[in-house]
1. Suppose we filter the stretch 33-42 for residues that are part of a helix (DSSP H, G or I) and open to solvent by 50 Å² or more (accessible area, probe 1.4 Å); how many remain?
2. Pull out all pairs, ordered by first then second residue, where Cβ-Cβ is under 8 Å, the residues are six or more apart or on different chains, the first lies in the stretch 32-55 and is closer than 18 Å to SER13 by Cβ, and the second is open to solvent by less than 40 Å² (accessible area, probe 1.4 Å) and among the hydroxyl-bearing types (Ser, Thr, Tyr).
3. Hey, could you check the stretch 43-73 for residues that are among the small types (Gly, Ala, Ser) and buried (at least 20 other Cβ atoms within 10 Å of the Cβ) and say which is modelled with the lowest pLDDT?
4. Given the conditions (1) of a type in the set (A, V, I, L, M, F, W, C); (2) in contact with a helix residue (DSSP H, G or I) (Cβ under 9 Å, 6 or more places away or on another chain); (3) in a helix (DSSP H, G or I), and given that ALA67 satisfies all but one, which numbered condition is not satisfied?
5. Got a number for residues in the stretch 19-32 being part of a helix (DSSP H, G or I), surrounded by fewer than 18 Cβ atoms within 10 Å (Cβ to Cβ) and over 13 Å from the mean Cα position of the chain (by Cα)?
6. Go through the stretch 10-66 and give me each residue that's within 15 Å of LEU80 (Cα to Cα) and of a type in the set (S, T, N, Q).
Amino acid sequence: MFFLYGPPGSGKSTIGRLLAQALALDFCDLDAEVEKRAGKGIPAIFTSEGERGFRKREKEALQQALANGAGVVALGGGTLLDAQNRANV
């Protein structure tokens, strides 16, 4: 598996899609997956649930990506602040 990490706007999603396509691997964008599951954007999640709620959702999305065997994962900018997330990637 490949994990892409960096600040917002650094191109993780763009590069991740290209890398996954070039290697014929599945791609997962954690931020997009969190938004899809929540049915709302990240700013709305932060407003209604705070950072703690968002990080919980982010961790769940990462665990699902790992379980699904996504070949390339674009991590959110704060994903690796969590020790368990760091251990899993």
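1. Total meeting the criteria: 3.
2. ALA32/SER13
3. This residue is ALA70.
4. Every listed condition holds for ALA67 apart from (2).
5. Counting residues in the stretch 19-32 that are part of a helix (DSSP H, G or I), surrounded by fewer than 18 Cβ atoms within 10 Å (Cβ to Cβ) and over 13 Å from the mean Cα position of the chain (by Cα) gives 4.
6. If the condition is that a residue be within 15 Å of LEU80 (Cα to Cα) and of a type in the set (S, T, N, Q), then GLN63 is the only one that fits.
The values are calculated or read from the model by the stated rules, or taken from the named source; none is laboratory data. Every value quoted in this text rests on a predicted model; they were computed, and no experiment measured them. No Cβ is skipped: glycine too gets one built from the backbone with ideal geometry, and neighbour counts run over all protein chains shown. Please note that ligands, DNA and RNA were not included when accessible areas were found on the heavy atoms of the full protein model with its side chains. Shrake-Rupley method; radii C 1.70, N 1.55, O 1.52, S 1.80 Å.
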